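Undergrad: I'd like to ask some things about the structure below.
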Amino acid sequence: MNQYPFWKYLLIIIVISLCGLYALPNLFGEDPAIQISPAYARDMTIDQAVQDIAEAKLKEANINVIRIDRTANHLLIRFKTTDTQLKAYSILKEAMPKYIVAQNLASATPEWLRALSAEPMYLGLDLRGGVHFLMQVDMETAIRQDEETYINELRALFREKKLRYKGSVTRIIGENSGITVAFDTLEKQATAKKLIEKQYDDLLITEKNNPNEYRLYFTFTEKALDENRRQAVEQNITTLRNRVNELGVSEPVIQRQGDDRIVVQLPGVQDTARAKEILGATATLEFRLLAGDDEQYGGRVYKRRNGTPVTLKRRVIATGEQITDAAATIDQRSGRPATVVRLDNKGAKSMIQTTRKNVGKPMAVVFIEYQIETKMVEGKPVTTRGKTEEVINVATIQEEFGKNFQITGLTSSEANNLALLLRAGALKAPMEIIEERTVGPSLGQENIELGKLSILLGFLAVMLFMWMRYKTFGMVANFALLMNVVILVALLSLLQATLTLPGMAGIVLTLGMAVDANVLIFEKIREELANGNSPQNSIHLGYSKAFITIFDANITTLIAAVMLFGFGTGPIKGFAITLSLGIITSMFTAIMVSRALINLFYGGRKLVKLPV
C-alpha cells in the first residue's frame, strides 16, 4: 500500500529535471547592449571592418565593453550599465549613419543553455520594460500619394471615355499643391468637369483658361483632407499591428497619440534593431512594363541595382497595396532566393490583361522605399524627405499569369524581409521615429524590488506555517510548492510568454491554490487518523477523498480562466494564461509530487503514528 511503481518516480524526476533546466535561464538576467545591423534593402553585411570602426569610436570615448558578438547580420556590443549603453548609442548612431543602430537588452544566458533552446521568459513593460517608439506620420507624403492615386485614376477615366487632353495629368508642387490637366477646347473642359464632379465629390475644381488652353485644377476639400489624414494614421496602425504579429511580440501597445503620432510599446523585445527595421520600413512594389524604342519619350527612367538606367512605361500594372500574401522561397529553376506574391482580384485582373497582351515583352519590378529624417540645423529641427526607387527585377513575360507569381533577383534576407513587409501590408505614409527608448518598469524599480521582497516573505511565511502545522508533511508540501514554481516558470519560458504584473498575480494565486490542495489532503489524513484508521490507510484515504474536492475546485477556476482569456484583452489575457498553467502545474505537484515523496518516506512501512 502507498507505493508508486518505478516508472512514476522516473517520470517525476525527468519532468522536474527538464523544467529546472528550462527555468534556469531566468536567473542570468540581461546585459545592456547596442545592436548594429545593415539598413533594409541595402547590399551590406557586418564584417570585421564594421566591428573595427565601432571599437575605434568606443575606444576614443573611453567606453569599456563586456563582449562583442558578430554575425553576418548584426554586431552586438554588451555593456555593464545602461548609462554606458546610452553614451555608446549616441556615439555609434552618429558615427555609422548607413547602419541601423539600436539599443538592446541582450540575454546573458550561457551558450550551452541557448544551444538547448532554453531562453528566459519575457517581462512586460510594467516589470522589466521594453522598447518604446513614438512615431510621426508624414502627412505631406500621405496627401502626395493620394494625389498620385487620383492622377492614375483620372488618366484611366479620360482614356476610358476617349477624352483627349493636352500634355499629361500632373501634380502641382509647392504650397498650393494639387492636380492639373489642360484641354484644347472649351467643350472638352466642360465634359471633363462634369464627368469628375459626378464621380469625385471630394475634389474642388477650379477653371483657368488661356488662349488655346482650357485648364482644370483639382484640390482636396477640407473634409477629404481630414479623412485622408485619419485614414493614413488608421492604416498605419493596422499595418504596424500586422508587423508586430510577424515579429511575434505578445501584449504590444499600439495606439494613436494626437492627430499624426502613434505610440508603439513592445514589451520584452530582445532584438530592438529588427523591430526598428520592420516597424519603420515603408517599402512597397510597383509592376511596370518596359518602354519600347518608340515609347522612350513618354516613359520614365529608373535605375537598376547595378546603376544602369532603364525606361519604364508610366502606367502601373499593380502595386504593393494589391498584394494579399507573400512568402520567401527558392526559385526551382535557378536555385536562388525569391518571393512568391499573391494579388487581390483587382490586381490579378490588371495583371492578367497586361500579360495576355504582352507575352514575350519584359516587365519590371520597382522597389520603392521612403526615408524621412529630422536633423537639428542651427538649433531648429529640419525635416528632409527622400524616396528611393530601383528596379530589382526585369523578366520576360513567358505566358499569361494573374494572381500568383514570384519575384527573383533578391538576396535571402531581402526575400524574407520583403515577404514580411508585403504580408503585413504597406504603410499609408512613411513614419519617422521621433522618440526611441528602452522603457524602465512603469511602477519604478523600487516598487518592483519591494514587490519581489513581499512575494519572498509571503512564500517563506507560508513555508513556516506549513512546517509548524504539519511537521514533516508540511515540508513535503513546501518542496512540492517550490517545484510548482519551477515548473510554472519553465512552461512560461518555453512558451516565450510575457510576464506582466497581472501575470504575477496569477502566479501568486496559483501558489495559494497549490498550498490549499495540500492543506485539504493533510486535514483529510488527520480526520481519518482521528476516526481510528491506520496510518497507511489514512494516507490512502486522505489523498483519494481529497482528490475530488481539489479537482472540482481547480476545474471551475480553469473554466473562469478560459473565459478571461477568451473575452479579455492585453494584461487580462496574461493573468488568464499564468492562472491556467498554474492550475495544471499545481494539480501535478500538490497531488502527484507530494504523494510520491510521502510514499517514498512512509510507504510499505509499519507505522504507529504520522508526523502530520
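Undergrad: Have a look at ALA102, ALA106, ALA72 and point out the one that is at pLDDT below 85, within 24 Å of the chain's Cα centre (by Cα) and in a loop (DSSP other than H, G, I, E, B).
TA: ALA72
Undergrad: So GLN145 fits all but one of (1) loosely packed, with under 15 Cβ neighbours inside 10 Å; (2) modelled with pLDDT under 85; (3) more than 21 Å from GLN35 (Cα to Cα); what number is the exception?
TA: (1)
Undergrad: Here's a follow-up. For region 165-196, enumerate the residues that are surrounded by 13 or more Cβ atoms within 10 Å (Cβ to Cβ) and either of a type in the set (Asp, Glu) or not assigned by TED's automatic domain parsing to the domain that holds ILE143 (or both).
TA: Selection gives ASP184 alone.
Undergrad: Condition first: surrounded by 21 or more Cβ atoms within 10 Å (Cβ to Cβ) and either assigned to a strand (DSSP E or B) or small (Gly, Ala, Ser) (or both). Now tell me which residues in region 16-25 satisfy that.
TA: ALA23
Undergrad: Please go through region 212-242 and give me each residue that is free of Cβ contacts under 8 Å to residues at least 40 places away in the same chain, closer than 15 Å to TYR165 by Cα and not basic (Lys, Arg), ordered by number.
TA: ASN212, TYR214, LEU216
Undergrad: Still on this structure, please answer the following. Consider region 244-274. How many of its residues are in a helix (DSSP H, G or I) and either at pLDDT 75 or above or more than 25 Å from ALA415 (Cβ to Cβ) (or both)?
TA: The number of residues fulfilling the criteria is 1.
Undergrad: I need a count of the residues in region 135-150 that are touching a helix residue (DSSP H, G or I) at 6+ places or on another chain (Cβ under 7 Å) and outside any helix (DSSP H, G or I).
TA: Final tally of qualifying residues: 1.
Undergrad: Hey, among the residues in region 167-201 that are of a type in the set (Gly, Ala, Ser) and in contact with a Phe, Trp or Tyr (Cβ under 7 Å, 6 or more places away or on another chain), which one's farthest from LEU216 (Cα to Cα)?
TA: Residue satisfying both the conditions and the ranking: GLY178.
Undergrad: Criterion first (aromatic (Phe, Trp, Tyr) and surrounded by 14 or more Cβ atoms within 10 Å (Cβ to Cβ)) does PHE28 satisfy it?
TA: No, not satisfied.
Undergrad: Scanning region 133-153 for residues that are hydroxyl-bearing (Ser, Thr, Tyr) and touching a residue at least 60 places away in the same chain (Cβ under 8 Å), which turns out nearest to ARG171 (Cα to Cα)?
TA: Residue satisfying both the conditions and the ranking: TYR150.
Undergrad: Any chance region 574-594 includes a residue that's without any contact (Cβ under 8 Å) to a residue 24 or more places away in the chain and not aliphatic (A, V, I, L, M)?
TA: Within region 574-594, one or more residues are without any contact (Cβ under 8 Å) to a residue 24 or more places away in the chain and not aliphatic (A, V, I, L, M).
Undergrad: Further, regarding this structure: Surrounded by fewer than 17 Cβ atoms within 10 Å (Cβ to Cβ), under 30 Å from LEU127 (Cα atoms), in the same structural domain as SER586 (by TED's automatic domain parsing) and touching a residue at least 60 places away in the same chain (Cβ under 8 Å): is that true of LEU494 in this structure?
TA: Yes.
The values are calculated or read from the model by the stated rules, or taken from the named source; none is laboratory data. What you see is a predicted model, and the numbers here were worked out from it, not measured in a lab. Please note: Cβ atoms are built from the backbone with ideal geometry, for glycine as well, and neighbour counts cover all protein chains shown.
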